[in-house]
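Colleague: Let me begin by handing over the structure; questions about it come next.
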Amino acid sequence: MNLQDRIDRRRSAHQEQSIVVDWTHLSPVVHRPEPIGRGPVLEQLLDALEPVFDDELPDPVAIVGPPGSGTSAIVTALFDALDDRLGDSSRPIETTTRAGDASPSTSFVAIDARRVESAFAFYRTLLSALSSTPVPESGIGTGELRDRLRERFDRPDRRAVVAIDHHDEPETLAYDRARTLLEPVAEHVSTVAVGQREPEGWTGETVLVPAYRHHELVDVLTDRASTGLAAGVLDHELVRDLAVWADGNAHDGLAALFTAGFVATEAEADRIDTEHVQKAMAAVPNESVHVDRALAVSKTRQQVLLELVSVEARDRPIREVAAAISDRSDLTTGTVKRFLYELADRGVIERVQLPGSGSGRRPSTVEPRFPTTVFQSLSSRPATDIAGY
């Protein structure tokens, strides 16, 4: 963000007397173009990808880090920068070479495995990233999309490095599956696995991303607060408290910062104080999952999650929770119950056993594992295309 934009945002905040200048800059699902405190990791990745500067494909590499370490932000920022310098995303899909249009190019594409569970979705996402030519969402088969991908790489001077992000989460596109789908163009494509673990049986190079150190996370939160909040509404001491509490996890820290802004706004306060921050930290579950995992499910399942957050589910068995959600939606109790079990298997919510009075099987309830305030806000306020923490 340039200086003029910063000034305009602050001016707007003072005119409107608002604490939050821009919710987008507080969001844990929005990334910065240049991740803070990740210079050494970016250098390691550039070392691993070094062959691309000689117009060659690198060997496969894995990027591995704990939750909230910014692996997605790193690969997104680096791939955007590399594609800008070495890519060819502006050209339409074609099989012939025009005069003066034969310079080698390597495209860099980061695919979110949370959102491409099928072969069709994978090919369509990849083709959309490789070319400005629109790719149909329907009326076309997976085989035709695969043929279009072959055509894209029919020229020997075209290559791509494809990152499969979140490949190791439940119900996402696995790295090995992505490699299989890329077999028709394997000679032209190299892959990068991004997640908390290496793919099973991995023998390639691995770049480890450590959890944020305390001062690095303070810098991350301070940077977000400086563009997302009005000047002077959050003391630096509270930023340090958030960083200590988040314990190296930028997602949790940003989720709490976002929630603190929401709590203070709801209270019509003129600044964020200790009480707001404490409530915000309490609203982020222990060992929470990334809120984007909840945002990545289908719209119908998102609606079930929104209703789950709204109804009083604590100490109520799943069947009663499902009935309460059904009463607030167009879904049957049976469908809601099935969705709740699916979401629990996916790790987005958690089944918790309730106390039992007899010797039989104890009933269970469900609890969200994601920051609910952030989810409620973002599910109705889609994030912009800014991309990394």
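Colleague: Among bridges DSSP assigns within the chain, what percent are antiparallel (round to 5)?
Modeller: So the antiparallel bridges amount to about 20 percent of the total.
Colleague: To continue, here is another question. May I ask which residue of Thr227, Thr365, Leu217 lies farthest towards the positive end of the charge dipole of the chain, with charges of +1 (Lys, Arg) and -1 (Asp, Glu) on Cβ and the Cα centre as origin?
Modeller: Thr365
Colleague: Which loop GluC sites (Glu not before Pro) in region 238-318, with loop taken from DSSP, have no more than 15 other Cβ atoms within 10 angstrom of their Cβ?
Modeller: Of the GluC sites (Glu not before Pro), the ones in loops of region 238-318 whose Cβ has at most 15 other Cβ atoms within 10 Å are Glu268, Glu287, Glu312.
Colleague: In whole angstrom, how far apart do the alpha carbon centroids of region 188-203 and region 281-330 sit?
Modeller: Here the answer is 32 Å between Cα centres.
Colleague: So, counting K/R as plus one and D/E as minus one, what does the shell of residues with Cβ under 14 Å around Asp235 add up to?
Modeller: Residues near Asp235 contribute -3 overall.
Colleague: While we're on this one: Pull out the extension gain between Ser226 and Ala269, defined as 0.36 nm times the separation in residues minus the alpha carbon to alpha carbon distance; nm, one decimal.
Modeller: Difference between extended and current length: 13.6 nm.
Colleague: Placing unit charges on C-beta atoms (Lys and Arg positive, Asp and Glu negative, everything else neutral), compute the dipole magnitude of region 231-342 about its Cα centre in debye, rounded to 20.
Modeller: Values: 12 positive and 19 negative charges, 140 e Å.
Approximately 680 debye in magnitude.
Colleague: If a/c stays under 1.5 just call it rounded; otherwise compare a/b with b/c (prolate if a/b is bigger, oblate if not). Do that for the chain, with a ≥ b ≥ c from the square roots of the Cα gyration tensor eigenvalues.
Modeller: oblate
Colleague: Round to the nearest 0.05 the FRET efficiency obtained for Gln302 and Ile140 when R0 = 25 Å and r is the Cβ-Cβ distance.
Modeller: That pair, Gln302 with Ile140, gives E of 0.40.
Colleague: Given an 8 Å cut-off on Cα distances and at least 6 residues of separation, report the relative contact order of the chain as a percent.
Modeller: Worked out over the chain, it gives 23 percent.
Colleague: Lys and Arg at +1, Asp and Glu at -1: add these up for the other residues within a Cβ distance under 12 Å of Val218 and post the number.
Modeller: Result for the local shell: -2.
Colleague: Please build a GNM for the chain, connecting alpha carbons under 10 Å apart, and tell me which residue among Gly356, Gly39, Gly253 fluctuates the most.
Modeller: Gly356
Colleague: With a cut-off of at most 14 other beta carbons within 10 Å, and DSSP calling the residue loop, which trypsin sites (Lys or Arg not before Pro) in region 244-311 qualify? Please list them.
Modeller: Hits after loop and neighbour filter: Arg271.
Colleague: Oh, and also: Determine, from the Cβ-Cβ distance of Gln353 and Asp241 and an R0 of 35 Å, the FRET efficiency 1/(1 + (r/R0)^6), rounded to the nearest 0.05. Display every interim value, and only then the final one.
Modeller: On the way: r = 34 Å, r/R0 = 0.96.
Using R0 = 35 Å, I get an efficiency of 0.55.
Colleague: Still on this structure, I have one more. Would you mind checking region 361-376 for residues with the amide N under 20 Å from a putative spin-label position 7 Å along Cα→C-beta of Asp315?
Modeller: From region 361-376, the list is 362-368.
Colleague: Treat every Asp and Glu Cβ in region 155-237 as -1 and every Lys and Arg Cβ as +1, leave all other atoms uncharged, and give the resulting dipole magnitude about the Cα centre to the nearest 20 debye.
Modeller: Dipole size: approximately 360 debye.
Colleague: Sort region 126-193 into rounded, prolate or oblate with this rule: let a ≥ b ≥ c be the square roots of the eigenvalues of the Cα gyration tensor; rounded if a/c is under 1.5, and if a/c is not under 1.5, prolate when a/b is larger than b/c, oblate otherwise. The partial results should precede the final answer.
Modeller: Numbers: a/c = 1.84, a/b = 1.23, b/c = 1.49.
It is oblate, given that a/c is not under 1.5 and a/b is not larger than b/c.
Colleague: Given the C-alpha centroids of region 213-250 and region 15-90, what is the distance between them in whole angstrom?
Modeller: Using only Cα atoms to place each centre, the spacing works out to 20 Å.
Colleague: Still on this structure, I have one more. In Å², what does the accessible area per residue of the chain work out to with a 1.4 Å probe?
Modeller: I get 48 Å² per residue for the chain.
Colleague: Please say if region 305-347 is rounded, prolate or oblate, where rounded means a/c under 1.5 for a ≥ b ≥ c the square roots of the C-alpha gyration tensor eigenvalues, and otherwise the choice is prolate for a/b larger than b/c and oblate otherwise?
Modeller: The shape class here is rounded.
Colleague: Could you check the spin-label model distance between Ala81 and Gln376? Points 7 Å from the Cα along Cα→Cβ, value in nm.
Modeller: Result for the modelled spin labels: 3.9 nm.
Colleague: Here is a follow-up. Where does the charge balance sit around Asn286 when Lys and Arg score +1, Asp and Glu -1, over other residues with C-beta under 12 Å from its C-beta?
Modeller: -4
Colleague: Roughly how big is region 291-370's charge dipole about its Cα centre, with Cβ charges of +1 (Lys, Arg) and -1 (Asp, Glu), in debye to the nearest 20?
Modeller: 220 debye
Colleague: Using Cα pairs closer than 8 Å and at least 6 residues apart in sequence, work out the relative contact order for region 291-370, in percent. Kindly include the intermediate steps, with their values, before the conclusion.
Modeller: On the way: 98 pairs, mean separation 24.2, N = 80.
Dividing the mean separation by the residue count of region 291-370 yields 30 percent.
Colleague: Which of the trypsin sites (Lys or Arg not before Pro) across region 326-379 are loop residues per DSSP, with 11 or fewer other Cβ within 10 Å?
Modeller: Here the trypsin sites (Lys or Arg not before Pro) that fit, given the DSSP loop and packing criteria, are Arg361.
The values are calculated or read from the model by the stated rules, or taken from the named source; none is laboratory data. Computed from a prediction, not measured in an experiment: that's the story for all the values here. Positions of Cβ are backbone-derived with ideal geometry, glycine not excepted, and every protein chain shown enters the neighbour counts. Heavy atoms of the whole protein, side chains included, go into the accessibility calculation; ligands, DNA and RNA do not. Shrake-Rupley method; radii C 1.70, N 1.55, O 1.52, S 1.80 Å.
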